[in-house]
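Working notes for the structure below.
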Amino acid sequence: MIDQQLEGRTVGALDKMTALVTGGSRGIGRAIAERLARDGATVAITYATDHPAADDVVARIHAEGGRAVAVQAEFGTHDDAARMWAAFDAAVPDRRVDILVNNAGVSCYADISELTEDDFDRVFAVNVRSPFFIVQHGLSRIPDGGRIINVSSGAARLALPGAIAYGSTKAALDTFTLNLAKQLGPRGITVNSLAPGITDTDMNASWLRGDSEAKSGAAALAALGRVGAPADIADIAAFLASSDARWITGRVVDATGGAGL
Ligand code: NAP
């Protein structure tokens, strides 16, 4: 169990642990994967299409003396979770995941008047249905004392009409977290949502990068006065993965720099 192995040790002691970070090839997932690897975990990342980006993460972790493997997995279709786990099992022979980070997700910028049913189905399939079934199929691989971290968003609790479906997916994910934490508590598995605010990744590149007005507007949303960096989120994920966070479960951990205070 994580708690027994890590009790009394500091954040960063994840040796002998295996972590799976979905969407670990870019952005927030990449930063989480690299941080968990630095903390000693063997890390499996998934990517959808950007094979070179995934290879780059693995190479970077290896260069720093860590252990990592990339697994191709496209989410948002039926049986995606089963296929992902089959690929994971082929890459990680002991089939064990101490730390599962459901990070892969897609945005959806449309208000209620513009949103199509296809947009709605797509964003719910990737952001909600996939994590549900990744956990369902993964439960036998997560040992007692393990960790599940669902990457949610501050958009679940802020009114952002231009991203109404996206915010709704993250609210659904938070309710998933709550129920799962209750069910898995007896096994000592903690389940938490980690909710970033606006973070500088490819997801926001179209409107954030290269537009100083948009960037200062986004920065002003956070009490701490700047846009988040992937490492800001990764450091909190590392805490939630660690033994030090063993008494937190079923919660949404805010990682917005104080958005909307
Ligand atoms: P990102 O830079 O766009 O990276 C997305 C990652 O997820 C990539 O590894 C990508 O793989 C993978 N992915 C995307 N669609 C996928 C699909 N259909 N199937 C499988 N994998 C897929 O995103 P990010 O900004 O780091 O976001 C990561 C998480 O944080 C998401 O859940 C997002 O909702 C959440 N979040 C982000 C922000 C923000 O401001 N950036 C704020 C709050 C919450 P490929 O490289 O192969 O495409």
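Quick note: the coordinates plus some simple rules give every number you see, no bench work behind them. Just so you know, these numbers come straight off a predicted model, no measurement behind them. Here Cβ is always computed from backbone atoms with ideal geometry, including for glycine, and neighbour counts include all displayed protein chains.
How big is the equivalent ellipsoid of segment 4-255 along its three axes, where each semi-axis is √(5λ) from the Cα gyration tensor, reported in whole Å from largest to smallest?
They are 27, 20, 19 Å, listed largest first.
Cα atoms only: what Rg and Dmax, in Å, come out for segment 1-120?
Taking only Cα atoms of segment 1-120, I get Rg and Dmax of 16.1, 53 Å.
Taking 7 Å along the Cα-to-C-beta vector as the label spot, tell me the Leu160-Ala223 distance in nanometres, rounded to one decimal.
Taking the simple label geometry, Leu160 and Ala223 are separated by 1.9 nm.
Projected onto the charge dipole of the chain (+1 at Lys/Arg Cβ, -1 at Asp/Glu Cβ, origin at the Cα centre), which of Ser113, Pro52, Ala255 gives the Cα projection farthest towards the positive end?
Result: Ala255, furthest along the dipole toward the positive end.
With a Förster radius of 35 Å, plug the Cβ-Cβ distance of Ala82 and Leu115 into 1/(1 + (r/R0)^6) and report the FRET value to the nearest 0.05. Write out the running numbers ahead of the final one.
Values: r = 29 Å, r/R0 = 0.84.
So the FRET efficiency works out to roughly 0.75.
Give, rounded to the nearest 20 debye, the magnitude of the charge dipole that the chain has about its Cα centre when Lys and Arg contribute +1 at Cβ and Asp and Glu contribute -1 at Cβ.
Dipole of the chain, to the nearest 20 debye: 720 debye.
Need one number: % antiparallel among DSSP beta bridges in the chain, to the nearest 5.
The answer is about 5 percent antiparallel.
Taking a cut-off of 15 Å between Cα atoms, list the aspartates and glutamates near Lys16, but don't count ones fewer than 8 places away on the same chain.
The qualifying aspartates and glutamates are Asp3, Glu7, Asp39, Asp94, Asp98, Asp144.
How long are the semi-axes of the equivalent ellipsoid of segment 153-222, taking √(5λ) for every eigenvalue λ of the Cα gyration tensor, in whole Å from largest down?
They are 31, 13, 9 Å, listed largest first.
Could you run the Karplus curve 6.51 cos²θ - 1.76 cosθ + 1.60 with θ = phi - 60° over segment 123-130 and give me ³J(HN,Hα) per residue in whole Hz, x for Gly and Pro?
Each residue's phi maps through the Karplus curve to give 5, 6, 5, 6, 8, 10, 5, 4 Hz.
With a cut-off of 8 Å between alpha carbons and a minimum separation of six or more residues, what is the relative contact order of the chain in percent?
21 percent
Given the -39500 (n - 2.57) contribution per DSSP H run of 4+ residues, what per-residue ellipticity at 222 nm results for the chain, rounded to the nearest 500 deg cm²/dmol?
-12000 deg cm²/dmol
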